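Reading through the structure tokens given below for one structure.
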Amino acid sequence: MKILQLILSIMFAIFAVLQWNDPDPFGWIAVYLAVAAVCGFGAFGKYDQRVTAGIFLACFAWAMTMVPGFIEWIKMGMPNIAGQMKAETPYIEVVREFLGLVICMVILAGEFFYFRNRLN
């Protein structure tokens, strides 16, 4: 698990760096660095469930603001969101961001339950 956590930590740190060219980089840099930190500290046995839960809840709250756009995209028949890097329609950006937060929440939930079971 330590190797997986280190890989995830490096991967999310790279995601954070790649956000510099995003129209709204600071929130994404903060989220990706927070996930990278949880994974990185977890790899070295430095883990706090409260921190992980807090970051998860922040991601969840942010994702909930995007649910209407995500539902609208589904109603449109789920048009391609991966065709071009530049978001030419509003739903592309919303759906990509929503799914990015879902990925973060999946990783954070995995960390949370892994350590909860390990610590008990």
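Given the Cα-Cα distance of Arg50 and Thr89 and 0.36 nm per residue of separation, how much length would full extension add, in nm? Intermediate values should be presented prior to the final figure.
On the way: separation 39, 0.36 × 39 = 14.04 nm, distance 3.74 nm.
Full extension from Arg50 to Thr89 adds 10.3 nm.
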Item to complete: Ratio to report: Rg/Rh of the chain, with Cα atoms as the point set and Rh obtained by the Kirkwood method; give two decimals.
Response: 1.02
Worksheet entry | Crossing angle, helix 49-64 versus the chain [Cα axis fit, 0-90 degrees, rounded to tens] | 10 degrees
Discussion item. Considering only C-alpha atoms, what is the centroid distance from the range 69-83 to the range 18-53, in Å?
Written reply: 27 Å
Worksheet, complete the sentence: By the mean-Cβ-within-10 Å protection proxy, highest first, 33-42, 1-10, 69-78 rank as 33-42, 1-10, 69-78
Worksheet item: Do the sum for the chain: with -39,500 (n - 2.57) for every DSSP H run of n ≥ 4, divided by all residues, what is the mean residue ellipticity at 222 nm, to the nearest 500 deg cm²/dmol?
Response: -25500 deg cm²/dmol
Practice prompt. Using the charge dipole of the range 2-119 (Lys, Arg: +1 at Cβ; Asp, Glu: -1 at Cβ; taken about the Cα centre), state which of Ile3, Ile71, Val38 has its Cα farthest towards the positive end.
Written response: Ile3
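None of the figures in this text is laboratory data; all of them are computed from the coordinates on show. Note that the coordinates shown come from a computational prediction; the quantities given were computed from them, not determined experimentally. Note that we place each Cβ from the backbone using ideal geometry, even for glycine, and neighbour counts take in every protein chain shown.
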